[in-house]
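Student: I have a structure I would like to understand better, so I am pasting it below and will then ask my questions one at a time.
The values are calculated or read from the model by the stated rules, or taken from the named source; none is laboratory data. What you see is a predicted model, and the numbers here were worked out from it, not measured in a lab. Because the Cβ atoms are built from the backbone with ideal geometry, glycine has one as well, and the counts that use them run over all protein chains shown. We work out accessible area using only protein heavy atoms, side chains counted, and drop any ligands, DNA or RNA first. Shrake-Rupley method; radii C 1.70, N 1.55, O 1.52, S 1.80 Å.
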Amino acid sequence: MPIYEYKCIDCEEDFEELVSGMDPDVSCPKCSSRNIKKKLSLFGMSGGEKPAASSGSGCSSCSSSSCSSCH
Ligand SMILES: [Zn+2]
């Protein structure tokens with residue numbers, strides 16, 4: 001059974017719900033609101049999708065952010 005992540009629009013509570021069936025009856029565990037939206041299911045993922053090799057504040061010839069060796 002898939003686990004979906006939901007976000008309550010009323011109180012902005014993030015919660016997960018184990019969904020079974022075609023028409024899940026999900027409400028916010030914090031304020032019992034039905035005003036929620038389903039987010040994408042995330043299996044085994046944590047954190048954002050920030051790329052590891054972003055340019056950031058370093059230079060383009062090295063991937064370091066402090067860049068003390070190439071200048
Ligand atoms: Zn809520």
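Student: Would you check the accessible area of K7, probe 1.4 Å, heavy atoms only, in square angstrom rounded to 10?
Tutor: 50 Å²
Student: Continuing with this model, one more query. Pull out the extension gain between N35 and E13, defined as 0.36 nm times the separation in residues minus the alpha carbon to alpha carbon distance; nm, one decimal. It would help to have the intermediate numbers written out before the result.
Tutor: Values: separation 22, 0.36 × 22 = 7.92 nm, distance 1.10 nm.
That works out to 6.8 nm of additional length.
Student: Summing Lys, Arg as +1 and Asp, Glu as -1, what charge do residues with Cβ under 14 Å from the Cβ of R34 carry, R34 excluded? Spell out each step's value before the answer.
Tutor: Numbers: positive: K7, K30, K37, K38; negative: D10, E13, E17, D23, D25.
Net charge around R34: -1.
Student: Under a point spin-label approximation (7 Å from Cα along Cα-to-Cβ), what is the D25-E5 distance to one decimal in nm?
Tutor: About 2.7 nm, to one decimal.
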